[in-house]
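Student: Have a look at the structure that comes next, please.
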Amino acid sequence: MMGTHETTEDGEIDWESTIRKCGLEISQIPPISGSLDPEVATLAVSSGNVRPAVTVTKKENSLSILDTRWQEVAAPLFTSHGGEFLIILWGPGSLRKGWFRVHEPKNLGAGLPSRVCAVIGRPEFCCLSLDGKALYAVTAEQGEYWIVTHEFKSQ
């Protein structure tokens with residue numbers, strides 16, 4: 001699984017270029033006012049109490065299986081709010097940078113997990129619906145990939 005984040009001339013991760021390289025079109029760059037704190041989102045998908053909606057064993061064809069299952073589980077992201085959603089990719093400084101508002105063009109071929117993996121070397125990212133209620137994430141755990149979902153209740 002090769003891949004690396006795009007970087008700026010000073011060696012910092014260029015999140016905009018990295019996200020675009022994953023095939024996503026950016027509608028708005030951070031900061032996005034009113035969005036869920038990225039650290040809260042990360043805790044919702046990585047705390048010790050998290051149970052995955054889907055697990056995919058890491059093996060030769062696991063990314064294609066992960067792509068298929070991601071499309072099934074995260075379908076509401078792509079069918080609501082005009083197909084726009086918020087995303088954070090895994091990597092140093094990603095939480096500090098914040099959410100990017102994106103949409104996924106049609107007919108890209110490979111699914112989002114495979115494209116993210118090809119760019120950054122691992123299929124790890126968090127997506128949030130624009131209303132801030134539905135969180136979907138892919139994480140790499142020991143021997144497995146997890147698709148995690150979390151619903152935030154209205155306050």
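What follows is calculated from the coordinates using simple rules that are stated; it is not laboratory data. From a predicted model like this one, the values you see are computed outputs, not experimental measurements. Here Cβ is always computed from backbone atoms with ideal geometry, including for glycine, and neighbour counts include all displayed protein chains.
Student: Note down the relative contact order for the chain as a percent, whole number, built from C-alpha pairs under 8 angstrom at least six residues apart. Write down the numbers at each step before the final one.
Tutor: Numbers: 273 pairs, mean separation 49.2, N = 155.
In percent, rounded to a whole number, it is 32.
Student: Run the helix sum for the chain: -39,500 (n - 2.57) per DSSP H stretch of 4+ residues, divided by residue count, reported at 222 nm to the nearest 500 deg cm²/dmol. Present the calculation step by step, with values, prior to reporting the outcome.
Tutor: Details: 6 runs with 46 residues, N = 155.
Taking each H run of at least 4 residues, the total per residue is -8000 deg cm²/dmol.
Student: Restrict the search to segment 1-61; then list the trypsin sites (Lys or Arg not before Pro) that DSSP places in a loop and that have at most 15 other Cβ atoms within 10 Å of their Cβ.
Tutor: LYS58, LYS59
Student: Under the 0.36 nm per residue contour assumption, what length would be gained going from the current alpha-carbon distance of ARG96 and GLU9 to full extension? Please report the intermediate quantities before stating the final value.
Tutor: On the way: separation 87, 0.36 × 87 = 31.32 nm, distance 1.93 nm.
Computed gain between ARG96 and GLU9 is 29.4 nm.
Student: Amide H of GLN28: which non-local residues (sequence gap of 5 or more, or other chain) have their own amide H closer than 5 Å, using H built in the peptide plane?
Tutor: Amide H neighbours of GLN28, under 5 Å, 5+ apart: ARG101.
Student: Could you tell me the number of lysine pairs in the chain with C-alpha atoms less than 21 Å from each other, where the two lysines are 8 or more residues apart or belong to different chains? Before the final figure, lay out each step's value.
Tutor: Values: LYS21/LYS97; LYS21/LYS106; LYS97/LYS133; LYS133/LYS153.
Pairs that pass both the separation and distance tests number 4.
Student: What ratio of Cα Rg to 2.2 N^0.38 Å holds for segment 1-123? Working shown, then result.
Tutor: Working: Rg = 14.6 Å, N = 123, 2.2 N^0.38 = 13.7 Å.
The value comes to 1.06.
Student: If I model a spin label as a point 7 Å beyond the Cα along the Cα-Cβ vector, how far apart are those points for LYS59 and PHE152 in nm?
Tutor: Between LYS59 and PHE152, the label points sit 3.7 nm apart.
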